[in-house]
1. Among the residues of the stretch 91-106, write down those that are out of contact with any Asp or Glu (no Cβ under 6 Å at 6 or more places or on another chain), in contact (Cβ under 8 Å) with a residue 40 or more places away in the chain and open to solvent by 40 Å² or more (accessible area, probe 1.4 Å).
2. Suppose we filter 56, 62 for residues that are touching an Asp or Glu at 6+ places or on another chain (Cβ under 6 Å) and of a type outside the set (Val, Ile, Thr); which single one remains?
3. Could you say which residue among 70, 13, 56, 20 is without any contact (Cβ under 8 Å) to a residue 40 or more places away in the chain, surrounded by 14 or more Cβ atoms within 10 Å (Cβ to Cβ) and aliphatic (A, V, I, L, M)?
Amino acid sequence: MKRIDAIIRPSRLPFVREALEELGYGGMTVAEVKGHGKQRGITEQWRGREYKVEYLSKAWVLIVVNDQDLQKVITAIVENARTGEIGDGKIFVSDVIDVIRVRTNERGAAAV
């Protein structure tokens, strides 16, 4: 199993969620986070004054998938999160050693 951590624009989250549900991965953890990449934030104007926004709002999506579905899920996230502009986000993939469902004590793929 693989763990996918996707940091994306909050406005793209509904599209990513829908695409993942179509693939059969409706269970996910989502959190609002703030951060910046290489662009180091943005400069905005408000009432005629410029100010720097260092940490931009992002959505963090955590999902655990079976190894054979990894590329399909990554493709779905990329296609639905991409706007083509700087700040579209990142996807991190890592191995999952085990998963345990607390309610039933199921382990492995059955717990996902």
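1. 91, 93, 94, 95, listed by residue number.
2. Checking each option against the conditions leaves just 62.
3. 56
To keep it simple, each residue is scored yes or no on (1) exposed (fewer than 14 other Cβ atoms within 10 Å of the Cβ); (2) modelled with pLDDT of 95 or more.
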| position | (1), (2) |
| --- | --- |
| 40 | yes, no |
| 51 | yes, no |
| 61 | no, yes |
| 74 | no, yes |
| 81 | no, yes |
| 85 | yes, no |
| 89 | no, no |
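The values are calculated or read from the model by the stated rules, or taken from the named source; none is laboratory data. Computed from a predicted structure; not experimentally measured. Cβ sites come from the backbone with ideal geometry, for glycine too, and all protein chains shown count toward neighbours. Note: accessible area is taken over every heavy atom of the protein model, side chains too, but ligands, DNA and RNA are not part of it. Shrake-Rupley method; radii C 1.70, N 1.55, O 1.52, S 1.80 Å.
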